[in-house]
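Here is the structure we will look at, set down as structure tokens.
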Amino acid sequence: MKKVLLMTLAALLLATQALAAPAPIVTDGKPVRLAYVEWDCATASTHLAKAVIEDKLGHKVEVLPVSAAAMWMAVATGDVDGMVTAWLPVTHGDYLKKVDGKVKDLGPLVGGARLGWAVPDYVPLKTIEELNANADKFKGKVIGIDPGSGLMKLSEKAMQEYGLNKLTLVEGSGATMTAALDDAIRRKEWVVVTAWSPHWMFGRWKLHYLDDPKKVLGEEERIHTVVRNGLEKDMPEVYAFLDRFRYADANQLETLMAWNQEKGADLMANARRFMKEHPELVKEWLGK
């Protein structure tokens, strides 16, 4: 009787451990490949998707940082399986038109996104139209990000539409933009940067968007998941997860982004922390 009881307890323990343990990595077949642009929101969401696919579905995942144009082309050609960082309808709208019919849009994973130009709250300006008259206070610069990105293309158009001939749009990256912003704020200097939400910088510093009365930089956008044609047939579990992958609100994404800005942050550890803190949301993603 005692032996039977011990065997039963052992069986229950093994079953509990099996339920709690991550799914075993699938070794046969190709890994799931996800492309992303190195924006903080894209980095956070892509690594979160990687963690769920690896830990819950058992598929190895490769994440590939590329330019926006390369990301869209890679999904369209099937070189990668998908992305969770398509800004629509404006920022990446032109890319979507170019690959129409070659990719599948699974809809938004978060709303409330927007593009614009931002300044610290101690800068009293309210609109882009005021910039030219104050160009010297900004050292003649609008601090930009990656050349060729949707935000930079729209910013180039804004320079023309508002006649900002006393300012230069400076190319860089998301990292160099926030570094320039940090340096200017520490010195209490005027600075204007190309910006987007959700972004951790709005939690770290007191900033405001400049009004864009001509709507050159667009209005509210949403971040979508887009996958290659054929993924539903080739990897039905992965497709089903990506189809359900969405945040409850933008605050969840901004929280994850903020964790990733902490000193010594580990992207995958933070992704798994998010999963642990939002178990019901993860269940929804997995259709449970």
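Residue check: Val119 meets all listed conditions (1) within 21 Å of the chain's Cα centre (by Cα); (2) surrounded by 15 or more Cβ atoms within 10 Å (Cβ to Cβ); (3) not in a helix (DSSP H, G or I) but one, namely (1). Among the residues in region 51-59, are any more than 30 Å from Leu115 (Cα to Cα), of a type in the set (Gly, Ala, Ser) and modelled with pLDDT under 95? Looking for residues that are more than 30 Å from Leu115 (Cα to Cα), of a type in the set (Gly, Ala, Ser) and modelled with pLDDT under 95, one finds none in region 51-59, hence no.
From the list Ala175, Ala158, Ala184, Ala113, pick out the single residue that is open to solvent by 30 Å² or more (accessible area, probe 1.4 Å) and either farther than 30 Å from Thr77 by Cα or among the aliphatic types (A, V, I, L, M) (or both).
Ala175
Specify the residue that is least open to solvent (accessible area, probe 1.4 Å); the eligible residues are those in region 38-64 that are out of contact with any strand residue (DSSP E or B) (no Cβ under 6 Å at 6 or more places or on another chain) and assigned to a loop (DSSP other than H, G, I, E, B).
Just the residues of region 38-64 that are out of contact with any strand residue (DSSP E or B) (no Cβ under 6 Å at 6 or more places or on another chain), to begin with: 39-41, 43-44, 47-48, 51-52, 55-57, 60.
Now drop any that are not assigned to a loop (DSSP other than H, G, I, E, B), which leaves 39, 60.
Working: Trp39: 13, Lys60: 105 Å².
The residue in question is Trp39.
Within the option set Lys126, Lys157, being touching a strand residue (DSSP E or B) at 6+ places or on another chain (Cβ under 7 Å) and in contact (Cβ under 8 Å) with a residue 12 or more places away in the chain holds for one residue only, Lys126.
In this structure, does Val191 turn out to be outside any strand (DSSP E or B), in contact with a helix residue (DSSP H, G or I) (Cβ under 6 Å, 6 or more places away or on another chain) and not aromatic (Phe, Trp, Tyr)?
Working: outside any strand (DSSP E or B): yes; in contact with a helix residue (DSSP H, G or I) (Cβ under 6 Å, 6 or more places away or on another chain): yes; not aromatic (Phe, Trp, Tyr): yes.
For Val191, the condition - outside any strand (DSSP E or B), in contact with a helix residue (DSSP H, G or I) (Cβ under 6 Å, 6 or more places away or on another chain) and not aromatic (Phe, Trp, Tyr) - is met.
Restricting attention to region 65-93, the residues that are open to solvent by 30 Å² or more (accessible area, probe 1.4 Å) and not aliphatic (A, V, I, L, M) total 6.
Number of residues in region 250-288 that are part of a helix (DSSP H, G or I), open to solvent by 80 Å² or more (accessible area, probe 1.4 Å) and at pLDDT below 95: the value is 1. Going by what's in this entry, would Val99 be described as touching a Ser or Thr at 6+ places or on another chain (Cβ under 6 Å) and modelled with pLDDT of 95 or more? When the stated conditions are applied, Val99 does not pass them. The test for being open to solvent by less than 30 Å² (accessible area, probe 1.4 Å) and either over 17 Å from Leu115 (Cα atoms) or among the acidic types (Asp, Glu) (or both) holds for Leu164.
In the list Val26, Val123, Val37, which residue meets the criterion of being among the aliphatic types (A, V, I, L, M), over 20 Å from Asp243 (Cβ atoms) and at pLDDT below 95?
After applying the criteria, what remains is Val37.
What are the pairs with Cβ atoms under 6 angstrom where one residue, in region 171-197, is in contact (Cβ under 8 Å) with a residue 40 or more places away in the chain and the other, located anywhere, is basic (Lys, Arg) and part of a loop (DSSP other than H, G, I, E, B)? Sequence gap at least six, or different chains. Going by the 6 Å Cβ cut-off, there are no qualifying pairs. Considering the conditions (1) open to solvent by less than 80 Å² (accessible area, probe 1.4 Å); (2) under 27 Å from Val192 (Cα atoms); (3) part of a loop (DSSP other than H, G, I, E, B), Gly101 is excluded by exactly one of them, (2).
The values are calculated or read from the model by the stated rules, or taken from the named source; none is laboratory data. Keep in mind that what you see is a predicted model, and the values were worked out from it rather than measured. Don't worry about glycine lacking a Cβ; one is built from the backbone with ideal geometry, like all the others, and counts go over all protein chains shown. Heavy atoms of the whole protein, side chains included, go into the accessibility calculation; ligands, DNA and RNA do not. Shrake-Rupley method; radii C 1.70, N 1.55, O 1.52, S 1.80 Å.
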